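Some notes on the structure that comes next.
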Amino acid sequence: MKTYKYCQSCGMPLSKDPQKGGTNADGSINLKFCSYCFQQGEFTFKGSVKEFQEFCRQKMIDQGYSKLIAWLFTRGMNRLERWKKIE
């Protein structure tokens with residue numbers, strides 16, 4: 001089984017996830033996606049990668065990160081496994 005350092009949806013380090021991963025439909029921990037992105041076997045955000053990037057940038061800015069830092073952390077999302085297949 002492959003071990004992931006970063007959520008394959010948003011890019012957040014999985015070590016920063018308070019739940020230590022998302023949850024599968026059966027309640028088991030999903031080690032590919034964080035608990036903010038994946039709950040009960042489904043993604044919490046249903047839009048496109050561009051919409052998700054903007055959503056995450058705004059969340060980071062709301063939490064006190066600068067616009068530059070928020071942009072830097074979200075610009076590579078389209079290369080993560082969740083989004084690679086779609087766009």
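Things to note:
- Rounded to the nearest whole Hz, the Karplus-based 3J(HN,Hα) values (6.51 cos²θ - 1.76 cosθ + 1.60, θ = phi - 60°) of region 64-70 follow the sequence x, 6, 6, 4, 5, 4, 4, with x at glycine and proline.
- Between 0 and 90°, nearest 10: helix 49-62 axis offset from the chain longest Cα axis: 70
- Formal net charge of residues neighbouring W71 (Cβ-Cβ distance under 11 Å; K, R +1; D, E -1): +2
- Charge dipole (region 14-84, unit charges on Cβ, about Cα centre) - positive-most of L72, N30, Q58: L72
- Estimated FRET transfer efficiency (T3, S28; beta-carbon r; R0 22 Å; 0.05): 0.85
- For Q19, residues with placed amide H under 5 Å, excluding near neighbours: S35
- Applying the criteria of a DSSP loop state and at most 15 other Cβ atoms within 10 Å to the trypsin sites (Lys or Arg not before Pro) of region 4-35 yields K5, K20.
- Long-range amide H partners of Q39 with built H, under 5 Å: T23, T44
- Cβ-based net charge around C37, under 13 Å, with every Lys or Arg adding one and every Asp or Glu removing one: +2
Laboratory data are not the source of any read-out in this text; all were calculated from the coordinates shown. The structure presented is a predicted model; accordingly, all values stated were derived computationally and were not measured. Positions of Cβ are generated from backbone atoms using ideal geometry, with glycine treated the same way; all protein chains shown enter the neighbour counts.
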